[in-house]
Amino acid sequence: MGFRSFAVARLPAALTGLPGLRSTAAPAPTEAEAASFDALAHRLHYLPKADIRRIREAYKFADAAHLGQLRTSGEPYITHPIAVAGICAEWRLDAQAIMASLLHDTMEDCGVTKAELIEKFEAPTAELVDGLTKLDKLQFSTKEESQAESFRKMLLAMARDVRVILIKLADRLHNMRTMDAMAAVKQRRIARETLDIYAPIAHRLGLNQIYRELQELSFQFISPWRHAALSKAITKARGNRRDLVSRIERDVLKAFGESELKVEIHGREKTLYSIYKKMKDKHLSFAQVSDIFGFRIVVADLPSCYLSLGVLHQLYKPQPGRFKDYIAIPKPNGYQSLHTTLVSPLGTPVEFQIRTENMHLVAEKGVAAHWMYKAGTSSQGMQQLGANWLQSLIDIQDETRDANEFLEHVKIDLFPDAVYVFTPKSKIMALPKGATPVDFAYAIHSDVGDHCVAAQINGEPVPLRTELRSGDVVEIVTAPGARPNPAWLSFVRTGRARSKIRHFLKNLEQEESRDLGEKMLAQALRAEGLTLPSLDDEDQTAAQAWQQLARWAGNRHVDELLVEIGLGRKIASIVAKKLARMLTEQGQRPDAVMLTMGRFGDDDAPAQGQVMLDGSEGASVRLAPCCRPIPGDDVKGYLGRGEGLLVHTAECSVGRKLFQRDSEHWIAVTWAEELSRPFEAAVSLLLNNGKGVLAQVASAVSSAEADITHISMSEESQASETAEMNLLLSVRDRLHLADVLRTLKRSPAVLRVWRVKP
């Protein structure tokens, strides 16, 4: 949106001559007046007298708590909580919220405890204050981590009670309005944080009035020179366009008078920040930004919106492609209006927004409009839209315990733009710009996202990374055995989808690492001549042994210990020796045959046991990309600390260096008899450079029943008579690779072919 009404009091004085302007500026209060309860009392007329008495008590408590404290400007600190409470009173928030806004800094700055607040002002008010209180910075290693954790706490408190964010935004707005006394570096840091986080949250919750003012103030502190230059340019433009604005207003009033529709017409002016952003994004000069001025038409009811649109389109010609119906399809933050751009008598485009009074209230106040409706029913849709986003924050938090990761997810979700797509049953869904079918799948349900295998847009199959466009009908194809692909993280746009995928992959890695750890511990214990005790809770003796072992290893439970073994954080042979001693103390005796097989089965294999590779390995067992082992290669496994098992060929130079440096982390690995998938091998070819070479190579690979999964050539090769080509081939095993290499050598274009080794 990015417009401000001509009638807004905080505009420069140069506006006073524009049509429809009325001055609302009041004389600045004195310092004593600003610090007194009277500065707030006249705004609380909508509350019962009993509530006003409770708010007065909160004021007295806050005034006493902040006694002697001054703001950077030199004013008494209490002027800030009073101003914040005043902004909340403009939204007609309830008494608890007004009390919390007066008390919001008492816990952080004055050492007041939550228990004291509960005792004096009851639990709901104390909970609001607690949600607003920043965490102690000493608990965190870095300032960034502290900010992220503080922000996470605020958002989660806000998800439980939206009044938290309304008070927080009022707090930030007053701080931005009174930042002149701060150092320039601090001004820029706070303004940047406001522009990146708080302004988008205000927009996401439909608080457009605050959203515009926060953007404008941030722009003023981040780029003061640009702000001053644009301000000067727009003041000059007002004078040049005064006659045009007056003429359009006269024409519009006359047209609506003849149609007998009752309307209110307000002039609007684009904010300096939105002009600057448009110039920057579209590489325009100020003179090329044509829609600086516009008009808002406020009507009595919904049908009048569409009737008004007809009146305007009869008056001036509409610009094709510039009509948007946000009434039929509201924005994700609940905003509703008709937008149309018309060509004025002088040929310049002028935007009109048409809405009802209720729509106007929601457009300016967003979720805060809930408290401003007398009936309290008209804003339920707005509340639901806000609640849906706030619930998604709780869902993300359930899967993301890291504060910085949580902040990253939330920033992704704070998109001002949206695309509107349809389910096959014609339900409308709003997603951020750039969203894909995977985002759509997770927006429907996490199970749909987890089992997504394909998508159709408007009945046509498309790749899962396709960007959705407004109006698309999206259908997701699922399969019971499917699971999220790590590659999806490179293109999903919603925080919900990203957190769900990461959560699934983390759990999958834990499960695989646990299974691998159990297998390794069983094999290491076999080398001690013993079998692994049952992990079944019903076997009390075994359960006691496992609990004792976990405590010895410093883990909370057995599963955590097995995961750490699987990830290489603990060595299976050491844990097995401890477990063997415990089992021996319980009366178990090593089996002589098993002991002999375990001790003398492999000549050089360390005593960690042996892992079988069958191709079904997941996140916990990986094939090293340096040597790309395939079945038939002699292999060994490196158990990296926290990285799971990495399998190298025995002749790999990278693996040999690791073995010399860290021999106790190597375990024996062997290939299974039956394999579940093909494997990739790296191959290089020296070719006669000419027409059709690639086709000959592809044909030779295909005739040997292999597949090419990746192909590349160096740029120097393209200009020379010979060329080097690098292939990744999908083969069954070493014998199959040898067959492919023989077939390639017989091709006329191939001079040499060899398998790539580190």
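The values are calculated or read from the model by the stated rules, or taken from the named source; none is laboratory data. Here the structure is a predicted model, which means the values were calculated and not measured. All Cβ positions, glycine included, derive from the backbone under ideal geometry; neighbour counts span all protein chains shown.
In the stretch 696-732, how many are without any contact (Cβ under 8 Å) to a residue 12 or more places away in the chain and over 13 Å from residue 750 (Cβ atoms)?
Of the residues in that region, 5 qualify.
Any idea which residue in the stretch 437-473 is farthest from residue 427 (Cα to Cα), counting only those that are within 20 Å of the chain's Cα centre (by Cα) and hydroxyl-bearing (Ser, Thr, Tyr)?
466
Do we find that residue 298 is at pLDDT 90 or above and assigned to a strand (DSSP E or B) in this structure? Before the answer, list the steps.
Details: at pLDDT 90 or above: yes; assigned to a strand (DSSP E or B): yes.
So residue 298 passes the test.
From the set of residues in the stretch 242-273 that are small (Gly, Ala, Ser) and in contact (Cβ under 8 Å) with a residue 60 or more places away in the chain, which is surrounded by the fewest Cβ atoms within 10 Å (Cβ to Cβ)? Can you show your working first?
The first filter runs over the stretch 242-273 and keeps only residues small (Gly, Ala, Ser), leaving 246, 255, 257, 259, 267.
Of the ones still in play, those that are also in contact (Cβ under 8 Å) with a residue 60 or more places away in the chain are 246, 255, 267.
Details: 246: 14, 255: 17, 267: 21.
Selected residue: 246.
Looking for something assigned by TED's automatic domain parsing to the domain that holds residue 175 and buried (at least 23 other Cβ atoms within 10 Å of the Cβ) - is there at least one such residue anywhere in the stretch 67-76?
Applying the first criterion (assigned by TED's automatic domain parsing to the domain that holds residue 175) to the stretch 67-76 yields 67-76.
Still in the running and buried (at least 23 other Cβ atoms within 10 Å of the Cβ): none.
No, the stretch 67-76 contains no residue that is assigned by TED's automatic domain parsing to the domain that holds residue 175 and buried (at least 23 other Cβ atoms within 10 Å of the Cβ).
Just checking, which of 205, 214, 195 is at pLDDT 90 or above, within 30 Å of residue 332 (Cα to Cα) and either of a type in the set (Lys, Arg) or within 22 Å of the chain's Cα centre (by Cα) (or both)?
Details: 205 fails: at pLDDT 90 or above; 195 fails: at pLDDT 90 or above.
Result of the check over 205, 214, 195: 214.
Going through the stretch 61-87 one residue at a time, which ones are assigned to a helix (DSSP H, G or I) and free of Cβ contacts under 8 Å to residues at least 12 places away in the same chain?
Within the stretch 61-87, 64 is the sole residue that qualifies.
Please work out if residue 513 is part of a helix (DSSP H, G or I), surrounded by 18 or more Cβ atoms within 10 Å (Cβ to Cβ) and touching a His at 6+ places or on another chain (Cβ under 6 Å). Outline the logic, then answer.
Numbers: part of a helix (DSSP H, G or I): yes; surrounded by 18 or more Cβ atoms within 10 Å (Cβ to Cβ): yes; touching a His at 6+ places or on another chain (Cβ under 6 Å): no.
So residue 513 fails the test.
Go through the residues of the stretch 485-496 one by one and say whether even a single one is assigned to a helix (DSSP H, G or I), at pLDDT 75 or above, touching a Gly at 6+ places or on another chain (Cβ under 9 Å) and basic (Lys, Arg).
yes
Kindly indicate the residue of the stretch 117-175 that is modelled with pLDDT under 85 and of a type in the set (S, T, N, Q) and also surrounded by the fewest Cβ atoms within 10 Å (Cβ to Cβ) among those meeting that condition.
Among those that are modelled with pLDDT under 85 and of a type in the set (S, T, N, Q), it is 141.
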